[in-house]
Structures are given as C-alpha cells and as structure tokens.
Amino acid sequence: MTSENPAPVGAEQTQAQTKTFNDLGLSPDTLRAVHESGYTTPTPIQAAAIPEVLKGRDVLGIAQTGTGKTASFTLPMIDILAAGRTRARMPRTLILEPTRELAAQVAESFDKYGKYQKLTKALLIGGVSFADQDALLARGVDVLIATPGRLLDHFERGKLLLTGVQVMVVDEADRMLDMGFIPDIERIFKLTPFTRQTLFFSATMPPEITRLTQAFLHNPLRVEVSKPATTASTITQRVVMLPGGDPRTRRAALRAVIDASDVKNGIVFCNRKTDVDVVALSLKRHGYDAAPIHGDLDQSLRTKTLDRFRSGDLKILVASDVAARGLDVPDVSHVFNYEPPRTPDDYVHRIGRTGRAGRQGASFTLAGPGDKKSLDAIEKLIGKPIEKATIEGVPEAAIGDPSDRGGRGRRAEELKREHSRRLSEKKQKYMKRDEERPTASTEPLQPKPREGKRDEPRREQRPAKRAEAPRREDRRPAREDRGPSVQGFGDNAPAFLRKK
Ligand code: AMP
C-alpha cells in the first residue's frame, strides 16, 4: 500500500499557471513539436504534471477531457522514451484507454508530439486485425496503446510480455469502471513490474477507483484541475418538459427544439444505442443532416462520421455516451439530450461539449414525467435548478405532428388489428373452415404497411452485425446496454447484488 499526497493541488496550480512550456523540462525536439501544434501556454494539469512525470513520479490526475490531460502524459513519455531501446514483444510503455476512439486519439497525439523522435507504437484495439498488430509487437514497440480487453487477448495468446513496462497510463478510469473493466485493469497492473511509473487519470473518484489508486500508485502527485461537477458558465442549460414519454412525442419535440435554435453544429445524446439509430434515422427522414455514432457501428464508419462532423460536413451527430466521451470534437453550438442521462456525471460530460474556451453554448434536455428522478439527480450534482424552457409548439408539435399519425391510440388500434389478422391466419391453417369465417378469407394475409412506424429503422437498414467471432471487448456489452450493475464488479456481480 502506498499513501497518496492529497495536499499540493492549490499551491502547485497557482504556480503552474504562470509557467511556460520552456519551464517544464521537456527536450528541444518535443518543445518544437508542441510549438508547431500552436500551443503557447501549458494547461494547469500539464504545468503541474509534466515536470513530475519527467522526474519519475506517479501522478493521479483528476481531470476530465478538455483539460489537456493527454499531452500531460504523452509529452513527458516521449522524452522518457528517447533513452533506451525496444525489445521484441516487450513494450516499454503502456497506455490503457476505455474506447477505441480514445486509444486512436492518443496514438495521434504521439504522432503529433513525437514527430522529431523516432518512436514506435502499436495500437491494440478492436476493429484492427490481430496479424498486423502481432507483427508490430514482434518487432518491439516503445508505446503500446490498448483497450483492456484486446490487450489481455493478445497476452493470453502469448504474443506479449508486460514485464518490460516502465510507464503505465490508465486514462479515463471512471469510464473503465463504468464499462466493467476494473478486474481487467487490476490484472494488467499485476502483470507489469512493481517498479513501473504509473500515471492515472479519472474525471471522478468513486470509491472503487480510490481503492485502485491506493493499491497501485506510489506516493503520487495528485493534481485536480477542475471539479467534475462544474458546468461552464458560458453554457445556457434548459430543460423542455414533455407531456409524456412516448418516443414519437420525444422525436417530434427534438425536431421542434432544433428548429427553434440557431444550430451551427450539435450533438444529440441518447441513453441507448438503439435510440441513437432510431433518432438519427428519424432526423434524416425529416430532412436534417444527421448521422449516428455508437459502439456497435463499424470502426471505419465511426471514424468517417466523426471526420465529417469535425470538418463541418455533418451538422448533427447523434451519439451514445460511451462513443462520445472524450472524443476530440470541436466546440459545438448545441447539445441536445434526447432524455436525461442515467448518471448525472454524464450530463456534465455531455453539455461540456459546448461552451468551450469561453464561447457561448446551449444545451436542451428533453424530459418526460418518467425522467424526474434523473433530472433531480442532475440538479443536485450541478447545484442549481435547470431553467424550464417553453419551446413554441412543443406539446402541440409532438402530439399533432403529421408523421406521428396520432401517437399511442393509433398504435394500439393497429396492434389490435394485427392481432386479429394473425388469429385469422391461424384459423385458416388449423381449422380449415374458411367458408364459415366471412372476414378471414377476404383479409389480406400479409400485414398492412405500418404507418405509425414510418420513422423507425427497417431491419435491413440497421447496421450489419460483424461476421467475425466476437472479440473480448465486444463480447462485453457496453455499460449503456447492460442491466443495472454493482460498481466495481463489472459484469461479475451476482444477481442479488444488482440494483433494481
Ligand atoms: P485533452 O483534455 O487531452 O482531451 O485535450 C483537449 C484539447 O486541448 C485537445 O484538442 C488538445 O489538442 C488541446 N490542447 C492540449 N494542450 C493544449 C495547450 N497547452 N494549449 C492549447 N490547446 C491544448
């Protein structure tokens, strides 16, 4: 067990803010790459962490994305790696990321900041072939960037040794907890040498994460750059109360809210991957420039969609929390919550996509009567009530929208009709008494086109499932699609412990 150093945050940060990149102890090559990136001043976490990482100290960074935390570990690592050489199958440093997108982003950072040093790296993430990654590992790499599941797959196949790891980074640890990766992380820690340097980042510090840092970090510098529950004052937050929780009402309300806002570019967040698909398709059908992004979509499609959004070619990104967390997307003008997120922390992360760097941003959260609990939890976390907005025509637009075809009552009638049609079919087949049933023989056997379902994705339009055998990380469903869990147990929690 090691002790943490809880004290130095305030003092080091004040001092840190006056530092320049030249004061941090980075090599001329790295400084050149940093200056070429256009950065003039280190962010507080960079100023505090970089000199300590260069000295070999463990770091516990309590920071969310957008604080410059990635450069706070990649920059000093590049200089640490400049000395020494690679050995086959034994990476010298290891970076664990919860999602493929984050891993790919960190790899890009190494390319950007390490362009004047000759570093080799491998990316062990789903969606990239095992063979290519094996070949890289076999030659030996300086930096290995991986998602935990994929890393253990390689390890179990005997393709990798972690005994040469000098620096290990765990990024977005609270998201790892959320995704059930904590047992994997513990296992990976134990496979690396006790003498390694550990850099650990998390936006929040739930008890399970604190326990992990106490067990595996040695006298870390603790840098907390902003409270996880704060939301920028440049973001206008509003909630739009809906008369009911019906999905059609919600989708129509979303369109009304988008129409009433001056959207330059925006992200619509949904809690479930299925909703991401449905909402994106619905928006598209209604003429909006929208595309979905979530963990079940093919990697190349996700990358393409993100690139389009980044370049301004795509106006509305419909996303799940896991897919969007930590993504380096430009400042967006609007964030729309199709429904309040299940955890209040996610609300802070979601709306943090807008109003960056002092710019103005707006967020709207749609909430039905069933969302009260989530909304209360959010207001408690951010410490203030969210202003209620009346968007002209929302209830009317939601209920009276022609595409919704009358909402629930209509759908119930339709279901009844379909049910009786099916009954007729059965009768035809088994009782062979067509002549005695006046309606059955005249009714068409195939179901009528379902008007009310017009904006639902048809089966053939849903993204095709991958044919290959499921990878380890894919076998574990994303947090957003799993049932309730017990923190820290990942998927292994016994049923009786799972919260209802
Ligand atoms: P991160 O928190 O690591 O996800 O970084 C958020 C964004 O800040 C990224 O787009 C970085 O390129 C950018 N960034 C990192 N460090 C600096 C800096 N010192 N000055 C300006 N931008 C930075």
For segment 52-73, list residues with backbone N below 13 Å from a point placed 7 Å from the Cα of Ser37 toward its Cβ? 66-73
I'd like the Kirkwood hydrodynamic radius of segment 11-224, using the inverse of the mean 1/r over distinct C-alpha pairs, in Å. 17.2 Å
Which percent of Cα pairs goes in each bin when the distances of segment 184-326 are cut into 10 angstrom slices starting at zero? 9, 28, 26, 22, 12, 3
Two-site label geometry, Met205 and Lys190: point separation in nm, points 7 Å out along Cα→Cβ: 2.6 nm
Full-extension gain between Lys388 and Ala260, please, as 0.36 nm times their residue separation minus the C-alpha to C-alpha distance. 44.6 nm
Equivalent-ellipsoid semi-axes of segment 332-372, from the Cα gyration tensor, Å, largest first: 21, 11, 6
Arranged from highest to lowest average of other beta-carbon atoms within 10 Å per residue, in what order do the peptides 381-392, 283-294 appear? 283-294, 381-392
Chain lengthening between Leu301 and Leu161 when straightened (0.36 nm per residue, less Cα-Cα): 47.2 nm
In segment 11-224, taking the dipole from +1 charges on Lys and Arg beta carbons and -1 charges on Asp and Glu beta carbons about the Cα centre, the listed residue (Leu162, Pro51, Leu152) farthest towards the positive end is Leu162
Which of the peptides 170-181, 245-256, 20-31, 214-225 is most tightly packed, and how do the rest follow, judged by the mean count of other Cβ atoms within 10 Å per residue? 170-181, 245-256, 214-225, 20-31
What FRET efficiency comes out for the pair Arg85/Thr234, r = Cβ-Cβ distance, R0 = 30 Å, nearest 0.05? 0.05
Links exceeding 31 Å between C-alpha atoms in this model, out of Lys118/Lys315; Lys264/Lys388; Lys69/Lys372, come to Lys118/Lys315; Lys69/Lys372
In nm, spacing of pseudo-spin labels at Lys55 and Ala215 (7 Å Cα→C-beta vector): 2.9 nm
Rounded to whole Å², per residue accessible area for segment 54-147 with a 1.4 Å probe reads 34 Å²
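The values are calculated or read from the model by the stated rules, or taken from the named source; none is laboratory data. Note that the coordinates shown come from a computational prediction; the quantities given were computed from them, not determined experimentally. Virtual Cβ from ideal backbone geometry, glycine too; neighbours counted across all protein chains shown. Ligands, DNA and RNA are stripped out before the accessible areas are found, and what is left, the full protein with its side chains, is counted by its heavy atoms. Shrake-Rupley method; radii C 1.70, N 1.55, O 1.52, S 1.80 Å.
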